[in-house]
Each structure stands twice: as C-alpha cells, then as structure tokens.
Amino acid sequence: MPSATASSTSDPPTLKTFRYEEDAFRSRCRAGFGGCFMDQLIPAIKQIVAFYESPVRKKLAAATSSMTSEGMQAGQQLGMEIAREMMQEMQQLGYK
C-alpha cells in the first residue's frame, strides 16, 4: 500500500494516493468489523443527508440569524434585570 507520508527520497503524496489509502482503510474496516458499524451508520447518515436537503433545514437555516439575534437581545435584557435586582439587594444589605 502506498504511504501518505512524504519522505526525503520520494515525491509528496497526491490526492490519488490519499484516495487509495482512504478506500483501502474503509475496506479493511468493513472486513475487520464485519459491517456492524456500516449497517448502523449508513442509515443514520442517509437520514442526516435527507434532513440537510429538506425544506425544514432550509427554513431553520433562514431563521437561525434572527433567532440568534433575538436570543442575544433577550439574554442581555435578562442579565441587566438580574444585575439591577442584585444591586438593590446588595444596597439593602448595606453594601454601597
């Protein structure tokens, strides 16, 4: 199997070299694990891909920016309210 590491006497690895090693690695994993991971992973990966191609993901992506902005504003407001309440409690306890 070709090596993906470059030595001083050989040319640097190419994308083709890495592709070969990746394919060889996958083949060895399938043989070594008997496909048990592949049987569970492939359906899950297909579901993830289906989600990313779905209209639901596109709606989520479109709304993410505004949700983030609104969440930051709400968090800032809540933090200011809590700080104000804590300051009042501290003053009532005699701290200035």
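Every read-out reported here was derived from the displayed coordinates using simple, explicitly stated rules and does not represent laboratory data. In this text the structure is predicted, and so the values were computed from the model without any measurement. Cβ atoms come from the backbone with ideal geometry, glycine included; neighbour counts cover every protein chain shown.
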Query raised in the report: Given C-alpha coordinates of the range 54-96, what is the ratio Rg to Rh with the Kirkwood estimate of Rh?
Result: 1.42
**Report entry** Cross-link reach list, aspartates and glutamates versus LYS46, counting only Cα pairs under 12 Å and skipping chain neighbours closer than eight places
**Finding:** none
Query raised in the report: Put +1 on the Cβ of every Lys and Arg and -1 on every Asp and Glu Cβ in the range 54-96; which of THR64, ALA83, GLY94 then has its Cα farthest towards the positive end of the dipole?
Result: THR64
